[in-house]
Amino acid sequence: MLKTAFVSHVADAYEHLYDLVYLRTHPLIDTLVPSSSLPAKKRARRLHYILLEAIGELDPGPQAPVTSPEWRRHRLMVLRYIKGLNPQAVADQLAVSLRHYYRVHKMAIEDVADLLWERYVAHPSVTESETMADKDEAINRLELLRLEVARAAQADRYARISDVIQGVLSILNRRLHERGLECYTLIPQSLPGISIDQNLLRQILLGMLGYLIAQAGGATIQVTAQAGEAQILLSMRVEPATAVQSAEQGEAEERLLSLEEMATLADAHILPIYLGQSIIGFDLQLPIAERIVLVVDDNEDMLELIHSYLSPHGYRVITAQTAQDALNKAIQFRPYAVTLDLMMPEQDGWDLLQALLNRPETCRIPIIVCSVLKQKELALSLGATAFLAKPITELELLSALEQLEET
């Protein structure tokens with residue numbers, strides 16, 4: 001096979017990455033999965049896994065600047081083929097034009113093709129001598145990649161106030177210093193998460209604090225938060241209040257209107273605190289996120305066991321014993337995560353996994369496969385976020401869910 005044809009086949013294979021029937025007869029199958037003793041279905045799955053693994057190998061590592069070509073190519077492949085975003089959405093995420101997206105995409109495909117050509121065509125003996133340690137390392141890379149994508153998806157739905165506040169203050173630190181202001185925070189780490197896009201919350205907080213900084217000087221801004229039954233109250237106050245200067249009425253109203261519009265998008269509410277004509281602080285009411293976990297298993301004892309694991313830790317557990325019921329509930333409730341047994345009646349867990357990943361309403365929900373089958377590699381390659389071998393423990397399950405929030 002000529003190198004130019006090989007590159008074209010690699011591009012085509014990525015465009016059909018999740019169509020395992022198409023991959024069974026793909027031109028790359030004999031080159032990348034030469035073992036004719038394997039059934040066609042397993043060869044297609046292996047090809048799918050090799051293509052996913054190659055994306056992980058493009059990762060330049062945490063030391064690479066986000067402006068580097070290597071970082072951008074890897075990020076594009078993750079967003080396009082792991083996260084499943086369309087080209088325009090990927091371009092928006094990378095803050096580039098659609099034309100530039102296609103240019104970077106072409107270079108990324110060429111990078112992957114070079115890697116696969118070297119390994120499977122130029123020096124095919126490398127794959128024959130693959131050790132178990134190499135395989136385990138590849139699975140670990142894929143697992144980290146899946147977690148990265150799941151965390152990014154969760155950031156669009158949930159946020160922790162303490163983390164966002166810390167980031168906002170680092171941005172505003174210079175302005176605080178210039179105005180002779182000190183900012184003190186009292187944000188308990190134990191506060192529950194809130195159901196809001198992190199970027200939107202960041203913009204709201206930047207607007208609120210930016211307003212107070214512009215109107216105050218030589219004072220202190222105190223930021224506190226406390227949880228109620230269904231919401232978190234975040235308060236900002238300038239002390240002493242007399243350090244605040246009155247803003248022009250038109251300017252103040254315009255900025256408040258902009259803040260209130262952003263808060264409305266997040267189902268939040270802003271209440272300005274006045275002293276005379278001056279705004280000396282804000283109260284921001286934020287909705288507490290309800291962590292729903294959809295547990296899919298045909299064994300009632302397992303459903304009850306997982307319920308007993310999660311309920312004491314603030315998770316709301318919804319159960320399903322059939323694939324169709326699970327799909328319906330995933331669409332209805334948009335859960336925080338799904339735990340999925342592979343051995344299901346009528347329609348097995350593999351089919352449900354693909355159904356969940358292929359629907360726009362559910363494709364970003366993290367899926368934790370829980371099974372007695374030793375199929376971690378396959379589960380991860382087909383889109384699962386994590387794999388837990390049965391019997392699972394409370395600690396293992398809670399740890400898997402907590403990893404979805406780590407940054």
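The values are calculated or read from the model by the stated rules, or taken from the named source; none is laboratory data. Only a predicted model underlies this, so the values are computations on that prediction, with no experimental measurement involved. We place every Cβ from the backbone using ideal geometry, glycine too, and count neighbours over all the protein chains shown.
Odds and ends about this structure:
- Contacts under 9 angstrom Cβ, first residue in segment 199-211 being assigned to a helix (DSSP H, G or I), partner among the aromatic types (Phe, Trp, Tyr), 6 or more apart: Met208/Phe282; Leu209/Phe282; Tyr211/Phe282
- Taking each residue of segment 260-282 that is under 17 Å from Ala243 (Cβ atoms) and looking for partners that are small (Gly, Ala, Ser) with beta-carbon atoms closer than 6 Å, six or more apart or interchain, yields Ile273/Gly281; Leu275/Ala241; Gln277/Ser246; Ser278/Ser246; Ile280/Ala241.
Conditions (1) surrounded by 13 or more Cβ atoms within 10 Å (Cβ to Cβ); (2) at pLDDT 80 or above; (3) in a loop (DSSP other than H, G, I, E, B), marked per residue:
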| site | (1), (2), (3) |
| --- | --- |
| Val121 | yes, yes, no |
| Thr127 | yes, no, no |
| Ala133 | no, no, no |
| Asp136 | no, no, no |
| Asn140 | no, no, no |
| Leu145 | yes, no, no |
| Glu148 | yes, no, no |
| Asp163 | yes, yes, no |
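- Of the set (1) at pLDDT 85 or above; (2) surrounded by fewer than 18 Cβ atoms within 10 Å (Cβ to Cβ), all apply to Ala64 but (1).
- Beta carbons closer than 8 Å, at least 6 apart along the sequence or on distinct chains, pair a first residue in segment 21-49 that is among the small types (Gly, Ala, Ser) with a second that is surrounded by 14 or more Cβ atoms within 10 Å (Cβ to Cβ) and not in a helix (DSSP H, G or I) for Ala40/Arg24; Ala44/Arg24; Ala44/His26.
- Scanning segment 181-193 for any residue that is farther than 29 Å from Gln93 by Cβ, modelled with pLDDT under 85 and touching a strand residue (DSSP E or B) at 6+ places or on another chain (Cβ under 8 Å) turns up nothing.
- Ile187 being β-branched (Val, Ile, Thr), in contact with a helix residue (DSSP H, G or I) (Cβ under 9 Å, 6 or more places away or on another chain) and under 21 Å from Ser246 (Cα atoms): no
- Filter pass, Val33 being outside the structural domain of Leu378 (by TED's automatic domain parsing) and surrounded by fewer than 19 Cβ atoms within 10 Å (Cβ to Cβ): no
- Of all residues in segment 166-195 being assigned to a helix (DSSP H, G or I) and over 24 Å from the mean Cα position of the chain (by Cα), the one that is farthest from Arg316 (Cα to Cα): Glu178
- Boolean, Gly228 is at positive phi, loosely packed, with under 13 Cβ neighbours inside 10 Å and either aromatic (Phe, Trp, Tyr) or in the same structural domain as Gln166 (by TED's automatic domain parsing) (or both): no
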